[in-house]
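Below: one structure, written as structure tokens.
The values are calculated or read from the model by the stated rules, or taken from the named source; none is laboratory data. From a predicted model like this one, the values you see are computed outputs, not experimental measurements. Every residue, glycine as well, gets a Cβ built from its backbone with ideal geometry; the counts of neighbours run over all protein chains shown. Side chains included, ligands, DNA and RNA excluded: accessible areas come from the protein's heavy atoms. Shrake-Rupley method; radii C 1.70, N 1.55, O 1.52, S 1.80 Å.
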Amino acid sequence: MFLMGPMKQLKKMFEPTRLIATIVMLLCLILTLCSAFWWRKAGLALLFCILQFFAMAWYSISFIPYARDAVKKCVSVCLT
């Protein structure tokens, strides 16, 4: 956001290639706050924080050309 400005960042967040990661990250952010302050469930808050971290990492990887494909291939090789 510091390099390109807030409006350009918002436009890039909702591009089709980043839309799912953006939605998951924002949803996990809201659920983290709800579970911490409203439901008072620390374990659930931690789970949503971890999911939020992975969604943000996936979003960040989308700015590197072919990085998502490399990560997908690496994970599939590690799991098989």
Completion exercise
Note on region 29-40: residues open to solvent by 80 Å² or more (accessible area, probe 1.4 Å) and either in a helix (DSSP H, G or I) or touching a Phe, Trp or Tyr at 6+ places or on another chain (Cβ under 6 Å) (or both) are I30, L33, F37, W38
Problem - Near pairs, Cβ below 9 angstrom, 6+ apart or cross-chain, from region 32-51 (more than 20 Å from A21 (Cα to Cα)) to any residue that is among the basic types (K, R) - result: S35/K41
Completion exercise
Over region 49-79, the set of residues farther than 21 Å from F14 by Cα and among the hydrophobic types (A, V, I, L, M, F, W, C) is C49, I50, A70, V71, C74, V75, V77, C78, L79
Practice task
Kindly establish whether L26 is assigned to a helix (DSSP H, G or I), out of contact with any Gly (no Cβ under 9 Å at 6 or more places or on another chain) and closer than 23 Å to V71 by Cβ.
Solution key: yes
Practice task
Those residues that are assigned to a helix (DSSP H, G or I), among the charged types (D, E, K, R) and either in contact with a Cys (Cβ under 7 Å, 6 or more places away or on another chain) or open to solvent by 60 Å² or more (accessible area, probe 1.4 Å) (or both), I need them from region 41-80; list them, please.
Solution key: D69, K72, K73
Problem - Yes/no for T17 being open to solvent by less than 100 Å² (accessible area, probe 1.4 Å) and not in a helix (DSSP H, G or I) - result: yes
